[in-house]
Amino acid sequence: MNSFASVNQESCIACGACNSAAPDIFDLDYNGIAGVIYEGDKNRGITAIEPELLEELQEAFVSCPTHCIQLAAVPFA
Ligand code: SF4
């Protein structure tokens, strides 16, 4: 199960769709660029997202127009 997430911020166009779909997982910085904020992850992709939020995570993943949300079953680092 893919419960780790990180945004490839170089490809983020600051549309906000991920934050709308999963506000507990994604937030936008002062430039509008998204990152994973879940449990202080700081977009490192090392914090397992709780099962109750995985549906939202999937919604955010499919809503991203540039496919810059990366998901994995294991931590990114
Ligand atoms: S949906 Fe994708 S492009 Fe839009 S803000 Fe989120 S990560 Fe960036």
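Say we look at segment 48-77 and pick out the residues that are of a type in the set (V, I, T) and under 10 Å from I25 (Cβ atoms); which of these is farthest from the ligand (Cβ to nearest atom)?
I49
So for segment 1-11 (the condition being in contact with a Cys (Cβ under 9 Å, 6 or more places away or on another chain), open to solvent by less than 70 Å² (accessible area, probe 1.4 Å), among the β-branched types (V, I, T) and in a strand (DSSP E or B)), does at least one residue qualify?
Within segment 1-11, one or more residues are in contact with a Cys (Cβ under 9 Å, 6 or more places away or on another chain), open to solvent by less than 70 Å² (accessible area, probe 1.4 Å), among the β-branched types (V, I, T) and in a strand (DSSP E or B).
How many residues does segment 21-49 hold that are surrounded by 13 or more Cβ atoms within 10 Å (Cβ to Cβ) and assigned to a helix (DSSP H, G or I)?
Adding up the residues that qualify gives 3.
Hey, does segment 64-77 have a residue that's modelled with pLDDT under 95 and in a loop (DSSP other than H, G, I, E, B)? Lay out the reasoning, then the answer.
As a first pass, look at segment 64-77 and keep what is modelled with pLDDT under 95: 77.
Remaining after also requiring in a loop (DSSP other than H, G, I, E, B): 77.
Looking for residues that are modelled with pLDDT under 95 and in a loop (DSSP other than H, G, I, E, B), one finds at least one in segment 64-77, hence yes.
The values are calculated or read from the model by the stated rules, or taken from the named source; none is laboratory data. Here the structure is a predicted model, which means the values were calculated and not measured. Note that each Cβ is placed from the backbone with ideal geometry, even for glycine, and that neighbours are counted across all protein chains shown. Side chains included, ligands, DNA and RNA excluded: accessible areas come from the protein's heavy atoms. Shrake-Rupley method; radii C 1.70, N 1.55, O 1.52, S 1.80 Å.
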